[in-house]
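Chemist: Starting off with a structure, shown below.
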Amino acid sequence: MWQLLQIELFKIFRKPRTYISFGAIAAMVLIVQVALKFDGQSYIEFLLGSLKDTLDIPYNTILNGYFVCFVILNLLLIHIPLLIALVAGDEIAGEANMGTLRLLVSKPVSRIQLMLSKFAATVIYTALLLAWMAFLSLVLSIILFGTNDLIVARSNALEVISRNDIMWRYLAAFAYATVALTTVASLAFLLSVFADNSIGPIVSTISIVIVFTILSELQIPLYDRTVKPYLFTSHMLGWKGFFYLKTDAEGISIPGTIENLPAVLKSMAILLTYICLFTGSAMFIFKRKDILS
Amino acid sequence: MKQILILALLTLLSGLNSHAQDASLLVQKVKAKLEKVNDYEATGEMKTNVSFMKVPAAQVKVYFKKPGKIKIKNEKGISLVPKGTVSISLSNLLSGQYQALDGGTDNVNGVAVKVVKLLPLDENGEVVLSKLYIDEKNLLILKAKTTTRESGTNELEMSYGKFAAYALPDKIVFTFNTQDYKLPKGVTFDYDDGSRKKTEATAKESQRGKIEITYSTYLINKGISDDIFK
């Protein structure tokens, strides 16, 4: 199994397209960092709206590494699924397209083992992509902007989190994001089983993510109750739950707490269920598939 | 009959004038007590209670220097301080030209107080009216309500302890007007964890914010650099 995984990882990292994702993330993160370095105050003014008329806003201290990292994650975690689909959608369909799939299944390994090694390689790719993103968005931002308390803007509230209460939240958020993106990877992996070239599963995955994201963000009561709770895209934003704090009776936030931990864990459980469902279905279908290519 | 009326009017006017003089004298006495402090550096814990803000309790330093400089600094983090905090310095409230009027008596936290209204003589100033609730016996201002042109009415409540001799409070509660805060969900991409409706309901409840500072130490008249207030 380990040998199979090594082979699959070799295949992934041999392809130039794999590095497009790493390059794209580096470019996007640097663009945001440069923009905030030179005109971060305008962005903070936009986020805080008319509050500058009532409050003295310490722009210099708000614009710190933790804040920049949150801005980057907020902007990019919606787009990263596209980069994940690029590799995951190619896992089976790519082999079929090159005509190596039939050769592969004729080897003395079970189809389940083959699928497991391919999926594990995809998960490792996803985790590495997120680790790269974490390094650039968190570590590099801290080097460039320093540290201070973190201000998180919600649609109807502002959260201020003490600087010594932040790092564990980021670690939890990145771990959660890995699960969320693995859900997208498993969807692309499933669609990859049905196709003979990788374009179909990649475009289909991207389309599903876009449509579901739009549905998740629409504020229409009909969808809020009926559709949204079941969309995996609604739960992919659960990483933000680690940055929402509980308050005491006086409205003071309590360090070290999460506003609604059961909801975050429920969202994570739903994502894990989707991963099992997509991956299980992919294996079930692949095991019975008549491979002609 | 005409003479009686004039006499009654004069008596009434002299009574009012004597009340105004009493109020003015009381304010002068309080001011004299406050003027013993040229500057101070205080440390304390600040709690912010604004419906749309979730802020942890913060350790802050409050700097004051005559004639009216005041600064609240959170050296270990970020504190969003309301713009009207200049009112938390009582010296600032009593600076400038004003007419003191007797506002009767009242009660603040069980203490009988004299109410004095301060009408600024500068008609174009930011402050329209200040109302002071003064403990006559100890010459301490227990509560102050200030109506401003742009920020509405803010309120300051103080309790005294170790530093009452300098008219410096151990605890202040500053209540001020806030504006509503709203950002499009398409910008914030909020995670809907089911607590959104509760937060919205709370936000509608109050448009008033509150800041509470509990002081632990004061360094009085030790000299403070002007750079701190920049």
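Chemist: For the stretch A:1-55, what are the residues that are open to solvent by 50 Å² or more (accessible area, probe 1.4 Å), in contact (Cβ under 8 Å) with a residue 40 or more places away in the chain and within 30 Å of A:Leu158 (Cα to Cα)?
Modeler: A:Met28, A:Leu30, A:Lys37
Chemist: Across the stretch A:137-162, which residue is nearest to A:Trp2 (Cα to Cα) among those that are open to solvent by less than 10 Å² (accessible area, probe 1.4 Å) and in a helix (DSSP H, G or I)?
Modeler: Checked the stretch A:137-162; the qualifying residue nearest to A:Trp2 (Cα to Cα) is A:Ser137.
Chemist: Conditions: (1) of a type in the set (A, V, I, L, M, F, W, C); (2) closer than 30 Å to A:Met28 by Cβ; (3) free of Cβ contacts under 8 Å to residues at least 40 places away in the same chain. A:Met98 meets all but one. Number of the miss?
Modeler: (2)
Chemist: While we're here: From the set of residues in the stretch B:119-142 that are open to solvent by 50 Å² or more (accessible area, probe 1.4 Å) and assigned to a strand (DSSP E or B), which is nearest to B:Ser24 (Cα to Cα)?
Modeler: So the residue we want is B:Leu119.
Chemist: Here's a follow-up. Search the stretch A:142-162 for residues that are more than 7 Å from every other protein chain (Cβ to nearest Cβ) and in contact (Cβ under 8 Å) with a residue 40 or more places away in the chain and pair each with any residue that is assigned to a strand (DSSP E or B) and among the acidic types (Asp, Glu) when their beta-carbon atoms are under 9 Å apart and the residues are at least 6 apart or on different chains.
Modeler: The qualifying pairs are A:Leu150/A:Glu159; A:Val152/A:Glu159.
Chemist: In the stretch B:156-184, which residue that is within 29 Å of A:Leu47 (Cα to Cα) and surrounded by fewer than 17 Cβ atoms within 10 Å (Cβ to Cβ) is farthest from the chain's Cα centre (by Cα)?
Modeler: If we take residues in the stretch B:156-184 being within 29 Å of A:Leu47 (Cα to Cα) and surrounded by fewer than 17 Cβ atoms within 10 Å (Cβ to Cβ), then B:Pro184 is farthest from the chain's Cα centre (by Cα).
Chemist: I want to confirm something. Restricting to the stretch B:56-68 and keeping residues that are open to solvent by 10 Å² or more (accessible area, probe 1.4 Å) and part of a strand (DSSP E or B), which single residue is farthest from the other protein chains (Cβ to nearest Cβ)?
Modeler: Only one residue tops the list, namely B:Lys65.
Chemist: Here's a follow-up. Applying the selection to the stretch B:167-183, what residues are out of contact with any Lys or Arg (no Cβ under 8 Å at 6 or more places or on another chain) and within 7 Å of another protein chain (Cβ to nearest Cβ)?
Modeler: The answer is B:Gln179, B:Tyr181, B:Lys182.
Chemist: To continue, here is another question. For the stretch A:181-293, give me every one of the helices (runs of 4 or more DSSP H) that falls completely inside it and has 1 or more residues that are open to solvent by less than 30 Å² (accessible area, probe 1.4 Å), at negative phi and within 14 Å of chain B (Cβ to nearest Cβ).
Modeler: Passing ranges, in order: A:199-217, A:232-236, A:261-288.
Chemist: Considering only residues that are small (Gly, Ala, Ser) and either within 14 Å of another protein chain (Cβ to nearest Cβ) or crowded, with 23+ Cβ neighbours inside 10 Å (or both), which ones fall in the stretch A:163-180?
Modeler: Those that are small (Gly, Ala, Ser) and either within 14 Å of another protein chain (Cβ to nearest Cβ) or crowded, with 23+ Cβ neighbours inside 10 Å (or both): A:Ala172, A:Ala173, A:Ala177, A:Ala180.
Chemist: Something else now. Can you say whether A:Leu63 is closer than 19 Å to A:Thr122 by Cβ and open to solvent by less than 50 Å² (accessible area, probe 1.4 Å), as far as the supplied structure shows?
Modeler: no
Chemist: It is to be established whether one or more residues within the stretch A:194-205 are aliphatic (A, V, I, L, M), in contact (Cβ under 8 Å) with a residue 12 or more places away in the chain and in contact with a helix residue (DSSP H, G or I) (Cβ under 6 Å, 6 or more places away or on another chain).
Modeler: Scanning the stretch A:194-205 turns up at least one residue that is aliphatic (A, V, I, L, M), in contact (Cβ under 8 Å) with a residue 12 or more places away in the chain and in contact with a helix residue (DSSP H, G or I) (Cβ under 6 Å, 6 or more places away or on another chain).
Chemist: What about A:Met268, is it more than 18 Å from A:Ile84 (Cα to Cα) and in contact (Cβ under 8 Å) with a residue 60 or more places away in the chain?
Modeler: yes
Chemist: Being within 14 Å of chain B (Cβ to nearest Cβ) and without any contact (Cβ under 8 Å) to a residue 12 or more places away in the chain, is that true of even one residue in the stretch A:57-66?
Modeler: Taking every residue of the stretch A:57-66 in turn, at least one turns out to be within 14 Å of chain B (Cβ to nearest Cβ) and without any contact (Cβ under 8 Å) to a residue 12 or more places away in the chain.
Chemist: Among the residues of the stretch A:30-70, write down those that are among the polar types (S, T, N, Q), in a helix (DSSP H, G or I) and farther than 13 Å from A:Ile142 by Cβ.
Modeler: Selection gives A:Gln41, A:Ser42, A:Thr54, A:Asn60, A:Thr61.
Chemist: Follow-up question, since we're still on this one. Please state which one of B:Lys76, B:Lys83 is open to solvent by 50 Å² or more (accessible area, probe 1.4 Å), within 14 Å of chain A (Cβ to nearest Cβ), touching a helix residue (DSSP H, G or I) at 6+ places or on another chain (Cβ under 7 Å) and not small (Gly, Ala, Ser).
Modeler: Every option except B:Lys83 fails the conditions.
Chemist: Please state which one of A:Gln41, A:Gln6, A:Gln33 is among the polar types (S, T, N, Q), under 25 Å from the mean Cα position of the chain (by Cα) and within 30 Å of B:Gly186 (Cβ to Cβ).
Modeler: When all the criteria are applied, what remains is A:Gln33.
The values are calculated or read from the model by the stated rules, or taken from the named source; none is laboratory data. Everything numeric in this text was worked out from a predicted model, so none of it was measured. In this analysis, Cβ positions are derived from the backbone assuming ideal geometry, glycine residues included, and neighbour counts consider all displayed protein chains. Side chains included, ligands, DNA and RNA excluded: accessible areas come from the protein's heavy atoms. Shrake-Rupley method; radii C 1.70, N 1.55, O 1.52, S 1.80 Å.
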